Amino acid sequence: MDICKIFFILFILINNIMPGNSPLFKRRLNRLKKSRGRGTPRVPRKYKGEKPEHHSDLFTDENPKGTVHGLRFRSRDEAKKSVKRLRSLYKNKKITFAHMRQIGLTMEQRSRFHAHPTKGIKEGNKVWKEFNKSFKKKK
């Protein structure tokens, strides 16, 4: 007999006899059910009825031609180099103004909400913040 079935039968019996013990057995049963499926590979969902060009995925680069690689915020110096590179790409008309602004905001947000911020990342965030602030109209 499968161990899950045994626990399930025990769970039903004890639940009927002593209702106070049910949360413990529920947790154990759930753990067993979860551990059973660990060996099976994950099957990604298909996009039902959608053409690939009409859906967007977080980790899919829809337009690799317009992607800007090598921008960093790990330290103040790296962030400054990245800002300089971004400005030169705009100046040479490799990217649009809107794209430059969007990249700047993205880099600021990534550095601001980093999972493990270091002192260097905080300094890099200040550089990206100044870059984005430079586009705001002065009163």
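Nothing in this text is a laboratory measurement; each read-out follows from the coordinates by a stated rule. Values in this document were obtained by computation on a predicted structure and should not be read as measured data. All Cβ positions, even for glycine, are placed from backbone atoms using ideal geometry, and neighbour counts span all protein chains on display.
So the values come out like this:
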item: Residues of segment 117-139 classified as in a loop (DSSP other than H, G, I, E, B) and in contact with a Phe, Trp or Tyr (Cβ under 7 Å, 6 or more places away or on another chain), total; result: 0
item: Selection from segment 81-116 of residues that are assigned to a loop (DSSP other than H, G, I, E, B) and surrounded by 14 or more Cβ atoms within 10 Å (Cβ to Cβ); result: Ile95, His114
